[in-house]
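Single-structure report; data block below.
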Amino acid sequence: QVQLVESGGGLVQAGGSLRLSCAASGLTFSSSRMGWFRQAPGKERVLVAVISWSGGNIYYLDSVKGRFTISRDNAKNTVALQMNSLKPEDTAVYYCNVVLGTNIATLRPAGSWGQGTQVTVSS
């Protein structure tokens with residue numbers, strides 16, 4: 001059974017930084033494409049960043065390019081999201097998940113979700 005545990009969220013002022021971490025178990029992490037998603041109040045959950053199993057291919061949502069950096073540690077089964085220059089519109093619950101799909105248009109989460117971690121950016 002896949003378990004995903006997100007951490008690192010909090011309250012930060014606009015322009016600040018946070019580093020999120022996700023610990024994964026119950027899967028072959030080193031061969032899994034991983035991603036971060038976020039869900040703002042009243043909105044759908046969206047894909048923010050994706051990293052291939054090797055770390056060699058990375059995708060970012062346009063609105064976070066240049067500010068967010070996704071990384072992974074296959075030895076520790078963790079994936080991280082470094083978030084800099086945060087904006088109020090980044091406020092959301094952030095989740096990690098395995099990402100399926102054969103191209104950018106078909107990227108989607110694999111299955112069950114963890115509890116997420118709340119990020120709140122004040123103006």
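The values are calculated or read from the model by the stated rules, or taken from the named source; none is laboratory data. The structure presented is a predicted model; accordingly, all values stated were derived computationally and were not measured. Cβ coordinates were reconstructed from backbone atoms using ideal geometry, including for glycine residues, and neighbour counts include every protein chain displayed. Each accessible area value is taken on the protein alone, full model and side chains, heavy atoms only, with ligands, DNA and RNA left out. Shrake-Rupley method; radii C 1.70, N 1.55, O 1.52, S 1.80 Å.
Taking the conditions exactly as written (closer than 26 Å to Q1 by Cα, part of a loop (DSSP other than H, G, I, E, B) and of a type in the set (K, R)), does K43 satisfy them or not? First the steps, then the outcome.
Working: closer than 26 Å to Q1 by Cα: no; part of a loop (DSSP other than H, G, I, E, B): yes; of a type in the set (K, R): yes.
Criteria not met by K43.
Considering only residues that are within 17 Å of L11 (Cα to Cα), open to solvent by 30 Å² or more (accessible area, probe 1.4 Å) and part of a loop (DSSP other than H, G, I, E, B), which ones fall in the stretch 62-89?
Residues satisfying the conditions are N84, S85, K87.
Which numbered condition trips up R45, out of (1) open to solvent by 60 Å² or more (accessible area, probe 1.4 Å); (2) over 18 Å from A110 (Cβ atoms)?
(2)
What are the residues in the stretch 90-107 that are more than 21 Å from R67 (Cα to Cα), loosely packed, with under 15 Cβ neighbours inside 10 Å and touching a residue at least 24 places away in the same chain (Cβ under 8 Å), if any?
Across the stretch 90-107, the qualifying residue is only L100.
Only one of these conditions is not met by K65: (1) among the basic types (K, R); (2) touching a strand residue (DSSP E or B) at 6+ places or on another chain (Cβ under 7 Å); (3) without any contact (Cβ under 8 Å) to a residue 40 or more places away in the chain. Which number is it?
Among (1) among the basic types (K, R); (2) touching a strand residue (DSSP E or B) at 6+ places or on another chain (Cβ under 7 Å); (3) without any contact (Cβ under 8 Å) to a residue 40 or more places away in the chain, K65 violates only (2).
Based on this model, can you work out whether R38 counts as touching a residue at least 60 places away in the same chain (Cβ under 8 Å), in a strand (DSSP E or B) and basic (K, R)?
Working: touching a residue at least 60 places away in the same chain (Cβ under 8 Å): yes; in a strand (DSSP E or B): yes; basic (K, R): yes.
Here the answer is yes, as R38 does meet what is asked.
Name the single residue, out of those in the stretch 3-32 being among the polar types (S, T, N, Q), part of a strand (DSSP E or B) and open to solvent by 60 Å² or more (accessible area, probe 1.4 Å), that is modelled with the lowest pLDDT. Before the answer, list the steps.
First, the residues of the stretch 3-32 that are among the polar types (S, T, N, Q): 3, 7, 13, 17, 21, 25, 28, 30-32.
With the extra rule that they be part of a strand (DSSP E or B), the set shrinks to 3, 7, 13, 21, 25.
Filter again for open to solvent by 60 Å² or more (accessible area, probe 1.4 Å), leaving 3, 13.
Numbers: Q3: 95, Q13: 98.
The extreme case among them is Q3.
In the stretch 98-116, what count of residues is obtained for those that are closer than 15 Å to W53 by Cα and more than 15 Å from the chain's Cα centre (by Cα)?
Matching residues across the stretch 98-116 total 3.
Considering only the stretch 40-47, I want to know if a residue exists there that is touching a Pro at 6+ places or on another chain (Cβ under 9 Å) and either of a type in the set (K, R) or at pLDDT below 95 (or both).
Yes, the stretch 40-47 contains at least one residue that is touching a Pro at 6+ places or on another chain (Cβ under 9 Å) and either of a type in the set (K, R) or at pLDDT below 95 (or both).
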